[in-house]
Amino acid sequence: MRKYFLIAKNTWDETLTYRVSFIMWRVRNTIQLLTIYFLWLVVLSGNKTILGYDQPAMLTYILGTSLLDAIVLSSRSYAVGEEINSGNLMNFLLRPINYFKYWLAKDVGDKAMNVVFSLIEISLIFIILKPPLFFQTNLFYIFLFIFSAFLAFFIYFFINFLLGLVGFWSPEIWAPRFIFITILGFFSGSLFPLDILPKAIFSILKFLPFTYLLYFPLKIYLGQLAFSEVLQGLIISSLWVFGMYYLVKIVWKKGLKTYAAYGK
Amino acid sequence: MNLSKYLKLWWKMTTMVSQNAFASRFGAILFIIGKLIRFSFFMFFLLVITSRTQAIVGYTIWEVILFYITFNLVDSLAQFFLREVYRFRSYVIRGDFDYFLTKPMPVLFRLLFGGSDALDIPILLLSIIFIFISFTHLSSITFLSILIYFALLINGLIIALSFHIFVLSIGILTSEVDNTLWLYRDLTQMGRFPVDIYQNPLRSIITFVIPVGIMVTFPAKAAIGLLSPNLILISIFVSITLLYLNLKFWNFSLKRYSSASS
């Protein structure tokens, strides 16, 4: 366990080594966040509401996506495909280290740094722009929010890892990831709560993993879901976690059989 | 060198870069599909919002679409023509930049227009089609406002060109290109919506200081008939001044290039 803790800590230190790049990355995130923040601020100005969202609920949702993005979507495991393509994977296969746990630890280190910066950014926005926000006081909802974010963390990790495993069969690892990021950007709910979409589309999205990365935890935080809906969402999230876990294991085993360690 | 020679050079470099881009057809097709998905999803997002609210800061659905498409066209044209700037850092680090300096071709031309990205062509065509569809849905549109729209679009491209020259100049001085370039991309994406959604002083900053507003919002405002002649003149003045200053900055940076990698 200690070695994985050290890997996470090294990732944290690595990020601090390339400070300028990381700070620029956070500045870019903040610009994107502010764009969507201001859009919703004007759309819901003057006590307007959209499908149950007033200004405080929507702005809490949008700022919440920033924090949850840091917890769930920031990662280093996108580099798995490159490691396979370059042949670097061989170095890990020879070491007494679990490759999954290695990347999980790296992700944790990366997320920790992103969460710290995200909290600072949100605090600054709160101090400077003074948005009307909704604060959840019910501990039960807060607990469920944390639990659903925990599940989202693993769903994203396994999907990300799975995309990297494409590297076993193709050198073209960035193009599928580009499509994935595009779909994720829309269907995870980072621009808007997914339930403002037409009902037919939303009812399909309920069964896809993207919905459970940002949208679902934030809906729980806002207290806008009935207990049965929360339970249904947690069951679907859990199924995705286990489903993706087993899929990654199967693909990993098949990939290793075809792996020729070219590049090294 | 005359213009036709520049065009020939550009064409030659673009065909070579395109052959490279299509070396993996599977990857190229996926990238094109990805760009089209991104475009369609964002349009859908705008449709969903405006269907729920009727208007955004007083702009109707087709006006909001025109703002987005104008941003998309300026952004895609800049990416299409100036894609080579994204490769500049590796040229500096690997020493290729020294090699470019010895060639009988203006080095700034080589770095800016050294290979257009053919993968952007479908999205460019789609943007142009949507611009004309938007025009047909604007009640206030006139032939003159369409002319001003395209003039300001070219003006916006000059600003985009200036930004890219700035990125190259910073790249020479610091070897840092990617962060500056992506920061530019994120600032310009603020122009996907009319700049009127932002509160002051942010609105003034992104209109005049970092002239994203002039670059992508002003052409659409002119088409809708919301831009005064004074602002049109100011926007032309801003773009020419920016281009002039950045060319000066480029010359300043080039004189300080230390050829560290070779």
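Descriptive notes on the structure:
- Ordering A:Thr137, B:Thr188, B:Thr50, B:Thr241 from the fewest to the most neighbouring beta carbons within 10 Å gives A:Thr137, B:Thr241, B:Thr50, B:Thr188.
- Across the options A:Val251, B:Leu144, B:Thr241, the greatest Cα extent toward the positive end of the charge dipole of the protein assembly as shown (unit charges at beta carbon of Lys, Arg, Asp, Glu) belongs to A:Val251.
- Electrostatic dipole magnitude of chain A [Cβ: Lys, Arg +1; Asp, Glu -1; Cα centre; debye, to 20]: 660
- Projecting the Cα atoms of A:Phe186, A:Pro96, A:Ser118 onto the charge dipole of segment A:95-196 (Cβ charges, centred on the Cα centre) puts A:Pro96 farthest toward the positive pole.
- 0 to 90° range, to nearest 10: angle between helix B:178-189 axis and chain B longest Cα axis: 20
- Acute angle (nearest 10 degrees) that the helix A:174-187 long axis makes with the longest principal axis of chain A, alpha-carbon atoms: 20
- Charged-residue dipole, Cβ positions (Lys, Arg, Asp, Glu), the protein assembly as shown about Cα centre, Debye nearest 20: 1080
- Nitroxide proxy distance, nm - points 7 Å out along Cα→Cβ at B:Glu176 and B:Ile33: 3.8
- Taking other C-beta atoms within 10 angstrom as a stand-in for reagent exposure, B:Tyr149, A:Tyr4 fall in the order A:Tyr4, B:Tyr149, fewest first.
- Inter-label distance, B:Tyr257 to B:Ser4: 3.0 nm, where each label sits 7 Å from its Cα along the C-beta direction.
- Calculated FRET value between A:Phe150 and B:Thr60, using beta carbons and R₀ = 41 Å, to 0.05: 0.40
- The calculated FRET efficiency for B:Leu233 paired with A:Ile127, based on their beta-carbon distance and R0 = 41 Å, is about 0.55.
- Per residue of B:48-56, other chain Cβ atoms within 10 Å of the residue Cβ number 4 on average.
- Between helix B:143-174 and chain B: long-axis angle, C-alpha atoms, 0 to 90°, nearest 10: 40
- Per residue of chain A, the DSSP helices (runs of n ≥ 4 H) give a summed -39500 (n - 2.57) that works out to -23500 deg cm²/dmol at 222 nm.
- One chain, two ends: A:Thr49 and A:Val251. Fully extended at 0.36 nm per residue, the span grows by 68.1 nm beyond their Cα-Cα distance.
- Percent of C-alpha pairs per 20 Å bin, the protein assembly as shown, short to long: 19, 53, 26, 1
- Local net charge near B:Val195, Cβ-Cβ under 12 Å (Lys/Arg +1, Asp/Glu -1): +2
- Cα→Cβ-extended label distance, 7 Å offset, between B:Ala151 and A:Thr258, nm: 5.8
- Burial ordering of A:Leu16, B:Leu202, B:Leu3, fewest other beta-carbon atoms within 10 Å first: B:Leu3, A:Leu16, B:Leu202
- A:Ile183/B:Ser24 FRET efficiency (R0 22 Å; Cβ-Cβ; nearest 0.05): 0.55
- Size of electric dipole in chain B: Cβ of Lys, Arg +1 and of Asp, Glu -1, about Cα centre, debye, nearest 20: 500
- 25 Å Cα-Cα reach of A:Lys48 towards lysines, excluding residues that sit fewer than 8 places from it in its own chain: A:Lys130, A:Lys199, A:Lys219
- Signed unit charges on C-beta, dipole axis of chain A, positive-most listed residue A:Phe157, A:Phe143, A:Ile50: A:Phe157
All of the numbers you see were taken from the coordinates with simple rules; none came from a lab. Values in this document were obtained by computation on a predicted structure and should not be read as measured data. FYI the Cβ positions are ideal-geometry reconstructions off the backbone, even for glycines, and counts take in every protein chain you see.
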